[in-house]
Amino acid sequence: MTDSEILELIRCSPPKGHRALFDEYYTYVYAISINILRGYGSAEDVEECVIDAFASAINKLSEDYTETIKPFIGTIAKHRAISMRRSLVSKTGRNVPIDSEEFAPLESGERVEENAEHLAMTDLLLQRIKELGEPDSTIIIQKYFYERNAKEISRMIGMNHAAVRMRCTRAVKKLRSLLKDFY
Amino acid sequence: MKKNNIENMFDNVNSETVEKIAAEYPTGDKKHRDYIYKEVERRVDGKYSAGEEVRGVETYRPRPYLRFVSAAAALVIVAGAVGGSGYLIKNSKKNSTSERAVPATEVSDNVEVTDALITTEAATAVTAPEFLTKDELIEKINNRSYENYDRVNIEYSLSRNNGVSIEHGIAMRDGITGNESLTKTWTHSADYFPQSLIDEYGLENLLKEEATCNEMFFYKDLYICIYSNGTDDPHQYEVTDRSNWKLDDPTVFRNLYSEDIAVDLDVYDIDDTTSGTVYLGRQCTEARIYADPEELQERLEKKYDIGHPKAITEPGDSSEDLITETILTVDNETGFILKAVTSIGDYKEEFAIENISFNEDAELPPDAAYIKSRIESCIPNCQETAEYDLSVLNKDAAGSEESADEEQAAETANDNIKTTYEVNSKGQTYGPGSYSLEPEYIDKLPDYVAIGIDGGKYTGYICTKEFLNIFVDGERAFDMQKELGNVSDTAVATEINIYDKDGNFKMTRIFYNEPENIK
């Protein structure tokens with residue numbers, strides 16, 4: 001469903017429009033949230049952040065909104081996740097690394113080069129994950145990016161959880177051999 | 001270089017990567033999404049008027065976990081019909097001495113049934129299954145002696161998720177040159193696709209798009225992979241340095257499912273009792289390996305230092321009494337795992353070798369000329385690939401073409417043979433025929449072909465045109481003489497004139513032929 005269709009639906013029938021908004025951007029918001037909260041919060045914290053972000057977006061999304069939704073909802077999700085991370089950090093006493101993306105980037109050429117290198121490595125990582133074939137690549141992403149457990153993954157891809165674990169372990173081994181220089 | 005923990009592979013990924021992952025890999029099943037959305041609704045409570053309900057907006061598209069051929073990366077895959085099928089492994093003489101190979105699917109775990117299905121000769125050769133003890137079996141598998149053969153071909157199928165997805169592969173190794181190839185093709189049944197996807201894209205399109213194939217060539221220092229699928233999209237290729245690629249380390253067979261099991265035998269429990277069977281005409285040993293899934297996971301994580309993501313703990317699941325169990329069929333001679341059927345509760349996956357052949361029975365991996373021609377019909381998957389130095393491949397391919405040219409030259413030389421025939425007093429050519437005595441070579445044969453009849457008792461010449469005007473196939477006319485003359489009730493006796501080199505009549509001889517060979 002396109003943004004304009006979602007916005008039109010929101011104007012005609014807000015509940016349906018909001019559900020459409022949620023369905024279209026759930027993964028995106030979840031991905032932003034987990035990426036910022038990784039290592040700081042639990043799965044429940046991530047879900048709380050997602051719920052909060054959508055509730056906030058729906059409340060802020062006026063009927064006359066006509067812009068692209070993605071940056072709008074992405075920004076809300078990012079701010080909510082950063083806010084939640086600060087809250088979690090204050091409880092645990094952990095520090096947020098200064099090199100995290102949320103901080104203003106340093107402007108040195110070295111930093112730019114480092115970022116480019118990191119991006120290239122991430123691209124390579126995603127490429128190699130794809131090359132594992134399915135369902136292994138999905139299992140790896142769900143497990144290590146979204147931090148889903150085997151039971152959740154098993155429901156998503158229709159395998160039992162033990163089979164998911166077995167495939168996951170083998171896939172990680174293979175991935176590590178493909179990325180020997182990094183891991 | 002400092003190594004990273006693989007469980008932290010997604011630490012500090014940037015927004016762009018997050019977006020890519022979100023677009024490619026949806027998360028959360030519908031039930032869970034519904035639960036989350038209810039919470040969202042609760043927080044925006046009051047925004048809806050009474051009686052308004054959220055129904056009928058099922059726009060959730062779980063972009064399949066299957067969308068692996070993206071325009072950008074185009075990594076995986078293609079329909080097996082491409083390329084690889086041209087290199088189907090010929091049936092191993094060791095496997096089957098007749099023309100008929102034994103499909104793995106026809107061979108059950110039961111010895112008696114297996115014997116009944118293999119070819120007669122193979123069954124005769126292997127009548128009393130012998131088997132390895134548990135310790136011998138482990139040693140054999142770990143020795144991987146199949147890698148000592150100069151040439152090995154393996155064709156296999158791997159059925160996952162109770163047959164919903166099938167991987168078919170052909171692996172070839174030339175131990176002399178070190179060149180290898182591995183073609184993997186994936187196909188899926190309709191059950192593989194969520195209904196929402198089928199509704200949106202249509203089953204036929206999905207089946208085509210996800211019928212994917214990787215043709216991987218490990219040629220000298222090059223790794224070349226051609227990705228394609230069942231659609232009309234152009235095939236893409238990727239080239240990199242072979243040393244960067246570990247899928248053939250140390251041989252391409254280490255990339256197969258059999259190796260997944262072989263390398264982790266130590267983390268399984270193995271039944272002390274083994275039994276003998278015959279599979280693909282080879283003496284094999286069957287054994288059962290098993291483990292509690294929880295324990296197996298722990299052992300594997302410990303062995304490979306694989307951890308869980310930091311924030312999430314994996315809940316135990318001791319309430320479900322599942323056992324991971326694999327029945328192995330192992331080749332007694334080489335230790336290769338020819339078949340492995342794994343079941344975990346209601347989940348099942350089955351790996352089965354369909355053909356295995358060694359040395360002279362095995363084909364060589366595709367050569368430079370073939371790989372080059374495949375690349376020429378594809379587009380590079382990125383700029384780096386487009387600029388990759390393929391001079392080694394091109395040079396070797398050119399060498400192959402030169403050889404082909406030499407063969408062509410030899411053929412051309414043969415074409416000129418006719419000009420070397422002797423010419424008789426009437427200006428007609430005569431001599432031994434350098435080509436088969438068949439109508440298609442009539443222009444290349446002399447006017448009179450020298451022959452010997454009855455073991456050389458009579459010699460002379462036949463008039464080529466006259467002879468071929470009588471018989472459908474001149475070679476066959478000669479071949480049939482002795483046998484038909486003595487035993488056939490249907491053979492037709494045909495008189496043939498014999499001449500001298502100048503075309504003068506010498507005698508008439510009777511040729512015996514089946515009616516269908518007489519014009």
Extension gain (nm, one decimal) between B:T494 and B:S196, 0.36 nm per residue minus Cα-Cα: 99.8 nm
Projected label distance in nm at B:R42 and B:Y290, using a 7 Å step from Cα toward the beta-carbon: 4.4 nm
FRET efficiency, 1/(1 + (r/R0)^6) with R0 30 Å, evaluated for B:S400 and B:D479 via beta carbons: 0.25
Two-site FRET efficiency, B:S425 against A:A120, from Cβ-Cβ distance with R₀ of 51 Å, rounded to 0.05: 0.05
Environment charge at B:T464 (Cβ cut-off 11 Å; Lys +1, Arg +1, Asp -1, Glu -1): -2
Restraint check, A:K174/B:K372; B:K208/B:K348; B:K31/B:K184; A:K143/B:K184; A:K143/B:K38, Cα-Cα greater than 32 Å: B:K31/B:K184
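In peptide A:35-46, how many Cβ atoms from other protein chains are near each Cβ within 10 Å, on average? Walk me through the numbers on the way to the answer.
Numbers: counts 10, 1, 1, 9, 5, 2, 2, 3, 4, 0, 1, 2.
Neighbouring Cβ atoms belonging to other protein chains average 3 per residue here.
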Shielding by partners, peptide B:338-347 (average Cβ within 10 angstrom, other chains): 3
Extension reserve of the B:S145-B:D232 stretch, reckoned as 0.36 nm per residue once the Cα distance is removed: 27.1 nm
Fully extended contour minus Cα-Cα distance, from B:K30 to B:D346, at 0.36 nm per residue: 111.5 nm
Per-selection Rg to Rh, the range B:172-215 - Cα, Kirkwood hydrodynamic radius: 1.31
Rg to Rh, two decimals, where the range B:183-280 supplies the alpha carbon set and Rh follows Kirkwood: 1.12
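Any chance you could tell me what percent of the C-alpha pair distances in the range B:266-305 go past 13 Å?
Result: 62 percent of Cα pairs exceed 13 Å.
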Per-residue average of Cβ from other chains inside 10 Å of A:142-155: 6
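Quick note: the coordinates plus some simple rules give every number you see, no bench work behind them. Since the structure is predicted, the reported quantities are computational estimates derived from the model, not experimental observations. Glycine gets a Cβ as well: all are built from the backbone with ideal geometry, and neighbour counts include every protein chain shown.
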